[in-house]
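Okay, so here's the structure we're looking at.
The values are calculated or read from the model by the stated rules, or taken from the named source; none is laboratory data. Note that the structure is a prediction, hence the values are computed from the model and not measured. Here the Cβ positions follow ideal geometry from the backbone for every residue, glycine too, while neighbour counts run over all protein chains shown.
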Amino acid sequence: MKKHLRHIAGAGALAFIVAASLAAGAAPSWSPGPEAAPTVPVEPSAGPSAAPPAPPSRVDFLIPGISLESLSLGVGARVSYLVVTHTFGAADSSFIEIRVLGRAGKEYSLEITSSPYPKSIEASMRVRIRVSEGITRVSSPAGVRSMIREILVRNGSEPYRAPTAEELKEADVENLFTRPAPEATRTELGTDRVSSPAGTFLCSVVEYSSTDRRKVTLGGVEADRVDTETSRVWLSKEVPFWGVARSRVERTSRTSVVGGSPGAGAPKTTLTESIILSFRRPRARG
């Protein structure tokens with residue numbers, strides 16, 4: 001379960017639905033009727049321009065600038081992503097898909113699938129949940145929990161079931177929501193065309209960066225820790241849900257001790273990238 005949640009977190013904003021629903025612990029009362037692609041750098045076509053920092057009252061979801069308020073739901077909508085995480089010299093690839101199955105009154109039925117990439121049915125996990133339409137107007141874990149109505153999970157080809165207590169604990173939804181750091185910088189990078197298996201998208205590109213410096217204690221020794229995060233998001237109106245066609249999040253942490261051994265302060269970097277694989281727009285209302 002934890003590995004599936006990490007896969008989903010790599011997809012950025014998609015993570016809230018699975019992790020938040022698992023953390024909600026709602027009791028279900030319904031039943032459900034090649035190798036990773038290489039990293040290709042893409043440079044924006046327009047020059048960067050500084051933008052004001054994000055309002056401190058906003059709560060971001062995993063990727064700076066992506067919030068529940070930006071979520072758009074429509075019956076029949078579907079989008080899938082390839083997510084690749086690079087850390088300690090190794091790459092972990094996963095497949096993520098989210099669908100809106102239906103709507104009844106003011107509630108939506110959603111399905112989220114995660115799997116190692118290439119997609120494997122037996123190694124996949126599916127989550128089906130029913131949520132209130134008010135989920136797009138909340139900005140905290142408690143708010144998300146209050147919007148969850150029902151939940152079922154499915155591992156591989158096994159029957160749907162309620163999540164276990166351990167799975168709820170591993171979801172750790174509290175860590176998925178963050179408030180923008182006061183010193184965070186938002187830069188608009190103009191427009192860019194993103195080529196993907198789902199087609200080519202004309203996107204607006206926004207980059208967020210922040211640096212956090214603090215004192216830590218390592219084995220009784222005081223040290224300085226510097227964490228930096230740079231997130232770049234490619235957004236297109238053609239893509240359902242959040243409009244994310246591509247995302248790139250790089251996190252670097254460096255800890256140094258005065259008088260420490262050479263190399264002790266070497267940075268640790270994690271890079272997570274996602275690219276859209278396929279999508280379907282919502283069905284037209286009759």
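Among the residues of the stretch 120-140, the ones that are over 18 Å from the mean Cα position of the chain (by Cα) and of a type in the set (A, V, I, L, M, F, W, C) come to 3 in all.
Apart from one condition, Pro52 fits all of (1) touching a helix residue (DSSP H, G or I) at 6+ places or on another chain (Cβ under 7 Å); (2) at pLDDT below 65; the exception is (1). For the stretch 97-133, the candidate set comprises residues that are acidic (Asp, Glu) and over 15 Å from Val144 (Cβ atoms); within that set, the residue that is surrounded by the fewest Cβ atoms within 10 Å (Cβ to Cβ) is Glu122.
Only one entry in Val84, Val75 is farther than 22 Å from Trp234 by Cα and β-branched (Val, Ile, Thr), namely Val75. Scan the stretch 199-221 for residues that are buried (at least 17 other Cβ atoms within 10 Å of the Cβ) and among the hydrophobic types (A, V, I, L, M, F, W, C) and the total you get is 4. Among residues of the stretch 185-200 that are under 17 Å from Arg280 (Cα atoms), those with a beta-carbon under 8 Å from a residue that is assigned to a strand (DSSP E or B) and of a type in the set (Lys, Arg) at least six positions away or on a different chain give the pairs Ser196/Arg246; Thr200/Arg193.
In the stretch 238-251, is there at least one residue being over 15 Å from the mean Cα position of the chain (by Cα) and among the basic types (Lys, Arg)? No, the stretch 238-251 contains no residue that is over 15 Å from the mean Cα position of the chain (by Cα) and among the basic types (Lys, Arg). Looking at the structure I just gave you, is Asp60 at pLDDT below 90, charged (D, E, K, R), under 18 Å from the mean Cα position of the chain (by Cα) and closer than 26 Å to Thr252 by Cα? Against the criterion (at pLDDT below 90, charged (D, E, K, R), under 18 Å from the mean Cα position of the chain (by Cα) and closer than 26 Å to Thr252 by Cα), Asp60 qualifies.
In the stretch 70-119, the qualifying residues are those that are modelled with pLDDT of 90 or more and among the aromatic types (Phe, Trp, Tyr), and the one that is nearest to the chain's Cα centre (by Cα) is Tyr81.
If you go through the stretch 85-97 and keep only what is in a strand (DSSP E or B) and farther than 10 Å from Pro116 by Cα, you end up with Thr85, His86, Thr87, Ala90, Ala91, Glu97.
Total residues in the stretch 186-206 satisfying the condition of being within 17 Å of Trp242 (Cα to Cα) and in contact with a Gly (Cβ under 9 Å, 6 or more places away or on another chain): the figure is 4. For the stretch 131-156, the set of residues classified as of a type in the set (D, E, K, R) and modelled with pLDDT under 80 consists of Arg137, Arg145, listed by residue number.
Is it the case, given these coordinates, that Leu189 is at pLDDT 85 or above, within 21 Å of Leu110 (Cα to Cα) and surrounded by 19 or more Cβ atoms within 10 Å (Cβ to Cβ)? Considered against the rule, which asks whether it is at pLDDT 85 or above, within 21 Å of Leu110 (Cα to Cα) and surrounded by 19 or more Cβ atoms within 10 Å (Cβ to Cβ), Leu189 comes out as no.
Within the option set Ser109, Ser146, being in a strand (DSSP E or B) and among the polar types (S, T, N, Q) holds for one residue only, Ser109.
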